[in-house]
């Protein structure tokens, strides 16, 4: 059995750890509220924007003329992996990184084998994960989470859109954690470019709107804006999911530390009782020896 001093040291160490995890939990809980509000506010806007885009494209014959909707054979592929800059958030980073690897192994195995698959990382953890396993990371945008604003994100989105327009890539995939609630994140992989135009349901009600300016002009302006909003929403989703995952992980760590302190305290009391009993037996034995 460990000595009393060693057990006391361990109890003090675990208590310090519990203070750290408890503080991190509270910080993440505060940040989660702000991040959750941001993603819940932008989702309806992004969905309505996409709905308008589909409605307009369904009434146009030459929507495929847009460079962002051109379907090309995916010879060169870019995967944008969104993770966090810091750890201590459970399986948040590992799970989404595995999702990205699963995507390329099932969908882009040929491009990976020929060296035509590259990664753009948003988040240090994902970049470290990929480089450690030998995947090709061409760039990172880890600073986006330092100041997560639409203007900053739009610049990165524009860069990827220009790369697609210049035919540097034929397909761009976006892999990120979608926020569901504080305890649940949904690993999501969606095609960023080219834009997939969904067909409207024939039974859907068609309204005869008057557009000013023309439908063609509106859709030309709408597609780039929709792409930027989609990219921004993905980062807001990941940001909220990260704080939720960290809050949950730190809550569990705090509970585990409390349980461990209880076990160590019981062990300490048993060791102390054994030591006291031993001392009493020594005193009684000495007294008996003096009588003899």
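The values are calculated or read from the model by the stated rules, or taken from the named source; none is laboratory data. Keep in mind it's a predicted model, so treat the numbers as computed, not measured. Using ideal geometry, Cβ is built from the backbone for each residue, glycine included, and neighbour counts are taken over all protein chains shown.
The table below lists the values:
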| quantity | calculated |
| --- | --- |
| Odd one out for residue 16 among (1) at pLDDT below 90; (2) surrounded by fewer than 13 Cβ atoms within 10 Å (Cβ to Cβ) | (1) |
| Qualifying residue in the range 160-180 (condition: part of a helix (DSSP H, G or I), within 20 Å of residue 89 (Cβ to Cβ) and out of contact with any strand residue (DSSP E or B) (no Cβ under 8 Å at 6 or more places or on another chain)) | no |
| Sole residue being more than 14 Å from the chain's Cα centre (by Cα), surrounded by 14 or more Cβ atoms within 10 Å (Cβ to Cβ) and assigned by TED's automatic domain parsing to the domain that holds residue 77, chosen from 176, 129, 135 | 135 |
| Tally of residues being assigned to a loop (DSSP other than H, G, I, E, B) and within 28 Å of residue 167 (Cβ to Cβ) across the range 84-118 | 4 |
| Residue check for residue 189: touching a helix residue (DSSP H, G or I) at 6+ places or on another chain (Cβ under 6 Å) and either closer than 30 Å to residue 250 by Cα or in a helix (DSSP H, G or I) (or both) | yes |
